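Below is one structure, written out as structure tokens, with a few remarks after it.
The values are calculated or read from the model by the stated rules, or taken from the named source; none is laboratory data. Because the structure is a prediction, the values reported are computed rather than measured. Cβ: placed from backbone, ideal geometry, glycine included. Neighbour counts: every protein chain shown.
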Amino acid sequence: MIKFFQLIVFVSLTGFSLAVMAAKALPEDTGLHLDSTVPEISVVDVHGQKQTIRALSGEQGLVLVFFRSADWCGYCKKHLLEINEWNARINSLGYKIAAISYDSVEILSLFSTKHQLQFPLLSDQQHKTIKAMNVLNLDVKPGSEHYGIPYPGVMIINADGKLIYNYFYQGYKKRVKLENLYQDLQLLE
């Protein structure tokens, strides 16, 4: 009888959790569709220089990370440091990494310099690339001080400019696990 009761409680809680997750799901069309040609980015690096996908890409392509802020988002800061630790391994597979935020060039430059990041941080203060990639966080309304943040996630763009990997998630605590991303990149070779 106790096991039956535990099963009922488990099923009820699982159902509740799934209902909550469904209510907080990302919009169905978040990100670009796989195998689509990725639009050119409209961003500048920490030196104020315009960047392109081609200039940022390695021989195999580009791992493009979208993050909320290197200023006020502790989860983003931690994730950027983890990415830095995996940068050389991912580069060895022929991919380069770049990360985009709505942060100013100054904020990104301070964070990059302080932590000696080995990959570029890119500023999209006008949200053009974040919108073009269809990752604008719709929970943050225009007029809010955080308007323009993207949903955190990763896109992988191959050498032909096609999207071959797309991973975005609701909320701000979860991030793509770099070990899993590395393994996925190895499979793409």
Of the residues Asn180, Asn137, Asn166, which is closer than 20 Å to Ala88 by Cβ, of a type in the set (S, T, N, Q) and either surrounded by 17 or more Cβ atoms within 10 Å (Cβ to Cβ) or without any contact (Cβ under 8 Å) to a residue 60 or more places away in the chain (or both)?
Asn180
Limited to region 89-113, what total is found for residues that are closer than 15 Å to Phe67 by Cβ, in contact (Cβ under 8 Å) with a residue 40 or more places away in the chain and of a type in the set (Ser, Thr, Tyr)?
3
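So that you can scan it fast, the table gives a plain yes or no per residue for (1) modelled with pLDDT of 95 or more; (2) β-branched (Val, Ile, Thr); (3) in contact with a His (Cβ under 9 Å, 6 or more places away or on another chain):
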{"position": "Ile97", "(1), (2), (3)": "yes, yes, no"}
{"position": "Tyr102", "(1), (2), (3)": "yes, no, yes"}
{"position": "Leu108", "(1), (2), (3)": "yes, no, no"}
{"position": "Phe119", "(1), (2), (3)": "yes, no, no"}
{"position": "Ser123", "(1), (2), (3)": "yes, no, no"}
{"position": "Ile130", "(1), (2), (3)": "yes, yes, no"}
{"position": "Pro152", "(1), (2), (3)": "no, no, yes"}
{"position": "Asn158", "(1), (2), (3)": "yes, no, no"}
Check off (1) modelled with pLDDT of 95 or more; (2) hydrophobic (A, V, I, L, M, F, W, C); (3) in a helix (DSSP H, G or I) for Leu62 and give me the number that stays unchecked.
(3)
Qualifying residues in region 75-117 (those that are farther than 15 Å from Asp45 by Cα and of a type in the set (Phe, Trp, Tyr)) - the one nearest to the chain's Cα centre (by Cα)
Tyr75
For region 139-189, give me each residue that is under 16 Å from the mean Cα position of the chain (by Cα) and basic (Lys, Arg).
Lys173, Lys174, Arg175, Lys177
